[in-house]
Every structure is written in C-alpha cells, then in structure tokens.
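Novice: Have a look at the structure that comes next, please.
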Amino acid sequence: MSWLLILVVLVVLVVVALAAAAKSKTAASGAVSFPYEPAKFLFSAAERSFLGVLDQAVGPEHRVLGKVRLADLAKVKGGLSKSARQGALNRVAAKHLDFVVCRATDLSVVCAFELNDRSHASQRAQARDELVAQVCQTIGLPLVTVPAKQAYSVQEVREQFLAAVSRAPVVAQVGT
C-alpha cells in the first residue's frame, strides 16, 4: 500500500511540474489566451455630444452610423498585384471615420464627418487625417471635419452637411 501511495504522489508531482512548466512557457512567450475587457463607451463624451446634434442636423431622411471602417467604404481596385493590393488594404484597414451619413431608405453613403480634438495635432494623427481625406476624395465621399468644442449649432452642422452633399455624387452603399 505504501508503494501505491508513493506512486500516486509521484504522479501528482509530475503532473503539477508539467503544468507549471507549461504555464511559465506561456507567460514567457507573452501569450495570453483572451486579453480583452469591455470598453466603457463606444463614443467619447465629445463624440456623443456631436452625434446628437448631427442626428438632428441631417434629419429623418438620413441615418448616422458611427465608427465606420474606411475599408468598408473604399474597396481596393482590381488589376493590382497581390502585394500592391494587400498594401493598399493595410493602409485603410485599421482606419475609421467618426460618423457616416447615409440615406435612410437604402443606406447609400452621402457624407462623412470627422470630429477633430487636440489628439489630431500630432504629426502622426495629421498624416492619418491626410490619408483619410485623400481616400474620401478619391472615392467621391464628401468629408466634413469639425473641430471639437463644448457645444454645436444644429443649424451650422446642417449647413455644413448640405454644402458637402450638394457638391458630391452619391457614393456606393456601405459594405458593397
């Protein structure tokens, strides 16, 4: 019986040692199975404030969508090499527009809005903003940039929206 007890203890020790070794190897490699936690809010306080004004400004004939990926609005043209195509996709894949205004009837995209706070002052952010603006210009999507501030005028935002859409052709539906 004592040999059986010693054998069980040895097996348990080997299992514990193997588990500890596997755990330390995972920790050393930096791998974490699911390192996520819920974000508190989809929009910042400034974005939420502007969204309420934008919803009023565009009226019931339009819908406002938030944080739309640029890659969902701008497809990479055909005829490129695989590496050129992937490079073009990589440039826009992680970029998003703060707000996209669509027709309520068919969700065709008519305009985009970027809310610019002081985080847009860095050189990196300005390069990102320039890329976004160039892509929007290339695909014919009017882009309105609005400086972040304490309060917004519905009438001013409506005028900016109407001016932008009156100069531009209709853009394809989101996700097509």
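The values are calculated or read from the model by the stated rules, or taken from the named source; none is laboratory data. Treat the numbers as computed from the prediction; the structure is a model and nothing was measured. Neighbour counts run over all protein chains shown; Cβ positions are idealised from the backbone, glycine included.
Novice: Which of the residues that make up segment 147-166 are under 15 Å from F99 (Cα atoms) and buried (at least 16 other Cβ atoms within 10 Å of the Cβ)? Give the steps one after another, and end with the answer.
Specialist: We begin by selecting, within segment 147-166, every residue under 15 Å from F99 (Cα atoms); these are 147-148, 157-158, 160-161, 164-165.
Listed by number, the residues that qualify are A148, V157, R158, Q160, F161, A164, V165.
Novice: Here is a check on your reading of the model: is P142 touching a strand residue (DSSP E or B) at 6+ places or on another chain (Cβ under 6 Å) and surrounded by fewer than 15 Cβ atoms within 10 Å (Cβ to Cβ)?
Specialist: Numbers: touching a strand residue (DSSP E or B) at 6+ places or on another chain (Cβ under 6 Å): yes; surrounded by fewer than 15 Cβ atoms within 10 Å (Cβ to Cβ): no.
It is false that P142 is touching a strand residue (DSSP E or B) at 6+ places or on another chain (Cβ under 6 Å) and surrounded by fewer than 15 Cβ atoms within 10 Å (Cβ to Cβ).
Novice: Identify all residues within segment 71-86 that are polar (S, T, N, Q) and part of a helix (DSSP H, G or I); write none if there are none.
Specialist: The answer is S83, Q86.
Novice: Between a first residue in segment 66-77 that is more than 14 Å from G140 (Cα to Cα) and a second residue that is assigned to a loop (DSSP other than H, G, I, E, B), which pairs have beta carbons less than 7 Å apart while being 6 or more apart in sequence or on different chains?
Specialist: Short answer, once both residue conditions are applied: G66/L42; G66/F43; K67/L42; V68/V174; D72/V174; D72/G175.
Novice: Within segment 97-138, track down each residue that is basic (K, R) and under 16 Å from K67 (Cβ atoms).
Specialist: Pass one, segment 97-138, residues basic (K, R): 103, 118, 124, 128.
Residue satisfying the conditions is R128 alone.
Novice: I'd like the full set of residues that are surrounded by 14 or more Cβ atoms within 10 Å (Cβ to Cβ) and either of a type in the set (D, E) or in contact (Cβ under 8 Å) with a residue 40 or more places away in the chain (or both), limited to segment 118-135.
Specialist: Those that are surrounded by 14 or more Cβ atoms within 10 Å (Cβ to Cβ) and either of a type in the set (D, E) or in contact (Cβ under 8 Å) with a residue 40 or more places away in the chain (or both): D129, L131, V132, V135.
Novice: Any idea which of V68, V64, V53 is in a helix (DSSP H, G or I), among the β-branched types (V, I, T), surrounded by 10 or more Cβ atoms within 10 Å (Cβ to Cβ) and modelled with pLDDT of 95 or more? Write out each step before concluding.
Specialist: Working: V68 fails: in a helix (DSSP H, G or I); V64 fails: in a helix (DSSP H, G or I).
So the residue among V68, V64, V53 that is in a helix (DSSP H, G or I), among the β-branched types (V, I, T), surrounded by 10 or more Cβ atoms within 10 Å (Cβ to Cβ) and modelled with pLDDT of 95 or more is V53.
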